Each structure stands twice: as structure tokens, then as C-alpha cells.
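Working notes, beginning with the structure itself.
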Amino acid sequence: MSEAPLVGIIMGSTSDWPTMEHAARTLRDFGVAWEAEVVSAHRTPDKLVSYATEARGRGLKCIIAGAGGAAHLPGMTAAITDIPVLGVPVESKTLHGVDSLLSIVQMPAGIPTATFAIGKAGSVNAALFAISILANENPELAKKLADFRSRQSETVKAAELPALD
Ligand SMILES: Nc1c(C(=O)O)ncn1[C@@H]1O[C@H](COP(=O)(O)O)[C@@H](O)[C@H]1O
């Protein structure tokens with residue numbers, strides 16, 4: 001039997017998966033149980049309501065929501081559930097994700113929605129942020145996060161710049 005997911009990854013369209021899979025890969029690398037689904041505030045509003053309403057009861061500790069363009073999904077999810085919602089602006093073709101970023105970040109006071117960088121960096125960081133939320137109550141996960149950070153530092157310190165021609 002597979003473990004019950006602790007982190008839900010939702011996205012407005014299958015076209016967001018090349019961005020959002022980085023969140024899934026990061027969670028998988030840390031051994032955190034996750035699930036991923038397409039849920040759209042615009043195209044499947046009833047599915048959004050049921051997903052967000054049931055999230056806490058199903059044991060999800062936070063939701064990573066990625067969307068592009070008029071990216072209402074993260075904010076609308078946060079409007080329905082009070083578990084943390086981490087928004088990832090997906091890079092759009094016409095406005096390069098600035099539209100997505102501004103749609104997610106400018107929430108009215110009272111409905112907080114965390115907002116990450118546009119694209120892959122935001123997707124990875126949303127997952128690392130979810131891991132740090134879970135690590136508050138899970139010392140084993142906290143140790144994995146600390147080890148990840150020190151490995152990352154060592155890699156950067158050991159990096160060498162190319163010689164000039
Ligand atoms: N921003 C939203 C929402 C929403 O916020 O509910 N639903 C779909 N979308 C976005 O529309 C873009 C284009 O979608 P298609 O590629 O399916 O046309 C995607 O980036 C998706 O996140």
C-alpha cells in the first residue's frame with residue numbers, strides 16, 4: 001500500500017507539468033509522499049472546491065499550486081482551505097510569467113498565498129518550503145534538509161570557473 005500523500009501538487013493544465021514535475025521530483029528525492037492533479041479554478045471550478053475542501057481531512061499538510069497567465073488557482077485554493085498554499089507562477093508564452101507572478105502574489109489581506117519564483121526555481125523551492133514545513137514536526141526530515149543544504153554549499157565551494165582562452 002502506498003503512503004498517504006502529505007503534499008498535494010495541483011496545476012491549472014497538463015501544460016504546466018514540465019514546470020511542476022520539478023516539485024514532484026524534489027519531494028520524491030526527500031521521500032515525502034505527494035500526489036499531483038490537474039485542477040483549474042477556471043475550467044473545473046467544482047473540482048477545485050471539492051479538492052480544497054477535502055484537503056485537510058485527507059491528511060494533506062500543504063498544497064503546491066502552479067498556474068500560468070491569469071493564475072487564480074493558488075489564491076482560490078487558499079480562499080477555500082486554510083492549510084498552507086504555495087503558489088508557483090508558470091512561465092507564460094506572451095508575458096513570460098510576469099502575469100502569473102502578479103496574479104498570485106497580489107492577494108488581499110486575509111487570504112495569504114505564498115508566492116515563489118517563476119518557473120523551475122519556484123517549483124523546486126515550493127517543494128523545499130513544503131519540506132521545511134513538514135520538517136518542523138519531523139526530525140528525520142529536518143536532518144535530510146540540513147544535509148541537502150550542506151551538500152549544496154560544498155558543491156558551490158568546490159566549483160571552479162573556466163580558464164580564459
Ligand atoms: N491559470 C490557470 C487556471 C486557473 O488559475 O484556474 N487554469 C488554467 N490556467 C492556466 O492556463 C495556462 C494555459 O493552459 P493550456 O495550456 O491548457 O491552454 C496554464 O498555464 C494553466 O495553468
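The values are calculated or read from the model by the stated rules, or taken from the named source; none is laboratory data. Please read all numbers here as calculations on a predicted model, not as lab measurements. Using ideal geometry, Cβ is built from the backbone for each residue, glycine included, and neighbour counts are taken over all protein chains shown.
Descriptive notes on the structure:
- Restricting region 40-58 to residues that are touching a helix residue (DSSP H, G or I) at 6+ places or on another chain (Cβ under 9 Å) and part of a helix (DSSP H, G or I), the residue that is farthest from L101 (Cα to Cα): T53
- Filtering region 67-79 for residues that are modelled with pLDDT of 95 or more, more than 10 Å from the ligand (Cβ to nearest atom) and either charged (D, E, K, R) or surrounded by 16 or more Cβ atoms within 10 Å (Cβ to Cβ) (or both) leaves a non-empty set.
Here is a yes/no grid of residues against (1) in contact with a Phe, Trp or Tyr (Cβ under 9 Å, 6 or more places away or on another chain); (2) outside any loop (DSSP other than H, G, I, E, B); (3) not polar (S, T, N, Q):
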| residue | (1), (2), (3) |
| --- | --- |
| L60 | no, no, yes |
| A70 | no, no, yes |
| P74 | no, yes, yes |
| A79 | no, yes, yes |
| P89 | yes, yes, yes |
| H96 | no, no, yes |
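- T14 being at pLDDT 95 or above and more than 8 Å from the ligand (Cβ to nearest atom): no
- Evaluation of E37 against (1) part of a strand (DSSP E or B); (2) surrounded by 13 or more Cβ atoms within 10 Å (Cβ to Cβ); (3) out of contact with any Asp or Glu (no Cβ under 8 Å at 6 or more places or on another chain) (one fails), failing number: (2)
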